[in-house]
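Contents: one structure, followed by commentary.
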Amino acid sequence: RDRLGLDEQENLKPKFDAVRLPALTPLQILILDSIGKGEILASELKEILKDRGFGKSEGAVTQACLRLEKAGYIEEGRYTVDEVSGYTVRLRHYKMSQLGAEKLGEARLFFETIQWNGAEIASASLKK
């Protein structure tokens, strides 16, 4: 039992109990984090996600944004109209709501907690 560092893990358990598993998927967390505190165009969001290594289809991003909007984590998207190469296009804007900011904060806390506790468990195991 000691060899695996289980005693140290049991001592850390209360720290895990204080933090809940996020209600968001990894993609939703990435979207909220990418939107940040300001307003962002859908095309800019998709480019940021691509730069951050998200390689799924744009449809997956659009669906995730719609789910976030329906849950109240993103404010209802507004549109602006612009002319691009002689064509009129509607540009969608996203902005995180207060509830979305709270849920993103909870997700960050969860991952920071498990990362910190995981490092502490690994450190305790190495000392044996």
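Throughout, read-outs are computed from the coordinates displayed, never taken from laboratory work. Quick caveat, the model's predicted, so the values are computed rather than measured. As a convention, Cβ positions derive from the backbone with ideal geometry for all residues, glycine included, and neighbour counts pool all protein chains shown.
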For LEU91, residues with placed amide H under 5 Å, excluding near neighbours: THR80, VAL81, ASP82
Inter-probe distance in nm under a simple model that places probes 7 Å from Cα toward Cβ, at VAL81 and SER43: 1.7
Residue-by-residue Karplus 3J(HN,Hα) for the stretch 81-90, coefficients 6.51, -1.76, 1.60, Hz, glycine and proline x: 10, 9, 10, 10, 6, x, 10, 8, 10, 9
